[in-house]
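Asker: I have a structure I would like to understand better, so I am pasting it below and will then ask my questions one at a time.
The values are calculated or read from the model by the stated rules, or taken from the named source; none is laboratory data. Quantities reported herein were computed from a predicted structural model and do not represent experimental measurements. A quick note on method: Cβ atoms are made from the backbone with ideal geometry, for glycine too, and the neighbour counts reach across all protein chains shown.
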Amino acid sequence: MDKRTFLKSAGLIGLGGMLSLDGLAQMVNSVSSVPSTKLAGDEDFWASIRKGYRLKPDYINLENGYYCFLPEQVLEKFIEHVREVNYQGSYYMRTVQHENKKAIASKLAAIADCSPDELIITRNTTESLDMIIGGLDWKPGDEAVLAEQDYGTMRNMFKQVSKRYGVINKVLSVPNHPQSDEEIVNLYASAITDKTKLLMVCHMINITGQILPVRKICDMAHEKGVQVMVDGAHSYAHFEFSIRDLDCDYFGSSLHKWLSAPLGSGILYVKKENIEKVWPLLASGEKEPDDISRLNHTGTHPVHTDLAIADAIDFYNIIGGERKEARLRFIQNYWTSKVRDLPNVLVNTPADPARSCGIANAGIIGMNPKEMAEILHNKYNIYTVGINGAGVHGCRITPNVYTTMKELDQLVNAIAELSSRKS
């Protein structure tokens, strides 16, 4: 049965034409032989995925990078978990909560391609990476390398350890349009000295969507005896990769972004031999030095969120990482290719498909990004966010798998009109 026939005859459809998870799996299976790159532009297929999202009609949401809200299939499961945990109360908390959390962490490790005993569930990327920054055994004069394009909360944590321990922070600036991987690697290499203890690098820069050559940076840093911490807030469940292949020492991400898990969920990966080098955020009692659970104590927390992560994983696996990546890259290239050559338009994201995926940033020369975002919202009913700093001046555009070509055409037309105003 092909996809079109299936959609007409499917009995596993809920209110509003939304497919259940079982129905979604059957629909996706009906196109299993279609190459991901071809399926990426099949609007009928993605329209069926879109039916699973409750979308606010007031605006076109192109700001999924902050929070990729849950599809209804996952949201309903989340609500069920809230009810069940509330029903069981302390019994659930004292019996199976830790066992369940560990099992879900194993599923997350499978997506990341790392050992389950190297990954824990946290609340977000900030908690994950700030635990590493604040938990290392810093000495006065130690150096850290980071970029001005890194996320603000991590940069603030480096400022705190600088004030507290006398750490010297060396801040570089990543070009929006590098000529090669070597240009980026050499940039980081030039900041390393014999006092450098930790290098932080974005897997995908959050304000532009540029994907950095993390493995090459890790290889270079390790040759110099420097550990590498990767901010993967926007890469996990966005495009396919392997933490083993990255060979980084630490990796953090937020699951409420591209996995579309509930708010308040993230991951922290720590290479096995580094676990004992990190002080926990909160003391966890006596445990083996290389037991990653010693870094996972935060007290009583909303365990129903942990349970819903498993449902978000199911949704992600049904669509398939390769299909999702192909779709996100397709829709980004769709709109950026139409505006790159417009007068007065500055696209702050590399054109090379290997250096980006679903996120991109575009601005109007001479227009404040905040003003641009306000006009897009108020005049064109497009919601996004203005970025003005760190060498980036424009609006970050973050579609999701449910975004349509018609919506992106509206964005392109809006940018074209704004650019012509500046001519």
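Asker: Just to be sure, is M200 in contact (Cβ under 8 Å) with a residue 60 or more places away in the chain, among the hydrophobic types (A, V, I, L, M, F, W, C) and not in a strand (DSSP E or B)?
Answerer: No.
Asker: Something else: For the stretch 353-362, indicate whether the set of residues that are surrounded by fewer than 15 Cβ atoms within 10 Å (Cβ to Cβ), closer than 17 Å to I205 by Cα, touching a residue at least 24 places away in the same chain (Cβ under 8 Å) and not assigned by TED's automatic domain parsing to the domain that holds I211 is non-empty. Before the answer, list the steps.
Answerer: Taking the stretch 353-362 and keeping what is surrounded by fewer than 15 Cβ atoms within 10 Å (Cβ to Cβ), we get 353-354.
Keeping just the survivors that are closer than 17 Å to I205 by Cα gives 353-354.
This time we only want the ones that are touching a residue at least 24 places away in the same chain (Cβ under 8 Å), so: 353-354.
When the remaining residues are screened for being not assigned by TED's automatic domain parsing to the domain that holds I211, the result is 353-354.
Checked against the condition, which is being surrounded by fewer than 15 Cβ atoms within 10 Å (Cβ to Cβ), closer than 17 Å to I205 by Cα, touching a residue at least 24 places away in the same chain (Cβ under 8 Å) and not assigned by TED's automatic domain parsing to the domain that holds I211, the stretch 353-362 yields at least one hit.
Asker: Could you tell me whether L307 is surrounded by fewer than 20 Cβ atoms within 10 Å (Cβ to Cβ), of a type outside the set (K, R) and in contact (Cβ under 8 Å) with a residue 24 or more places away in the chain?
Answerer: Against the criterion (surrounded by fewer than 20 Cβ atoms within 10 Å (Cβ to Cβ), of a type outside the set (K, R) and in contact (Cβ under 8 Å) with a residue 24 or more places away in the chain), L307 does not qualify.
Asker: Give me the pairs, please: first residue somewhere in the stretch 153-167 and at positive phi, second residue anywhere and surrounded by fewer than 14 Cβ atoms within 10 Å (Cβ to Cβ) and of a type in the set (D, E, K, R), beta-carbon distance under 9 Å, and either six or more positions apart or on two chains.
Answerer: Note: pairs meeting the criteria are G166/K139.
Asker: Being touching a residue at least 40 places away in the same chain (Cβ under 8 Å), touching a strand residue (DSSP E or B) at 6+ places or on another chain (Cβ under 8 Å) and in a helix (DSSP H, G or I) is the filter here; which residues of the stretch 377-415 pass it?
Answerer: H377, E407, Q410, L411, I415
Asker: Output the residue which, of all residues in the stretch 257-276 that are of a type in the set (D, E, K, R) and over 17 Å from the mean Cα position of the chain (by Cα), is farthest from S242 (Cα to Cα). Walk me through it before giving the result.
Answerer: Residues of the stretch 257-276 of a type in the set (D, E, K, R): 257, 271-273, 276.
Now drop any that are not over 17 Å from the mean Cα position of the chain (by Cα), which leaves 271-273, 276.
Numbers: K271: 13, K272: 16, E273: 18, E276: 23 Å.
Checked the stretch 257-276; the qualifying residue farthest from S242 (Cα to Cα) is E276.
Asker: Still on this model: If only one of I132, I168, I184, I192 is of a type in the set (A, V, I, L, M, F, W, C) and closer than 27 Å to L259 by Cα, which one is it? Step through it out loud before you land on a result.
Answerer: Working: I168 fails: closer than 27 Å to L259 by Cα; I184 fails: closer than 27 Å to L259 by Cα; I192 fails: closer than 27 Å to L259 by Cα.
Only one candidate qualifies: I132.
Asker: I'd like the full set of residues that are of a type in the set (D, E) and in contact with a Ser or Thr (Cβ under 8 Å, 6 or more places away or on another chain), limited to the stretch 61-115.
Answerer: Of everything in the stretch 61-115, those that are of a type in the set (D, E) and in contact with a Ser or Thr (Cβ under 8 Å, 6 or more places away or on another chain) turn out to be E63, D113.
Asker: Check T125 against each of (1) hydroxyl-bearing (S, T, Y); (2) crowded, with 16+ Cβ neighbours inside 10 Å; (3) over 30 Å from V278 (Cβ atoms) and name the one condition it does not meet.
Answerer: Result: T125 passes all but (3).
Asker: Look through the stretch 50-63, keep the residues that are out of contact with any Cys (no Cβ under 9 Å at 6 or more places or on another chain) and buried (at least 23 other Cβ atoms within 10 Å of the Cβ), and return whichever of them is nearest to H377 (Cα to Cα).
Answerer: Looking at residues that are out of contact with any Cys (no Cβ under 9 Å at 6 or more places or on another chain) and buried (at least 23 other Cβ atoms within 10 Å of the Cβ), I get I60.
Asker: Considering (1) in the same structural domain as F239 (by TED's automatic domain parsing); (2) modelled with pLDDT of 95 or more, say which one T298 fails and leave the rest.
Answerer: Among (1) in the same structural domain as F239 (by TED's automatic domain parsing); (2) modelled with pLDDT of 95 or more, T298 violates only (2).
Asker: Keeping to the stretch 277-316, report how many residues are under 22 Å from the mean Cα position of the chain (by Cα) and among the polar types (S, T, N, Q).
Answerer: 2
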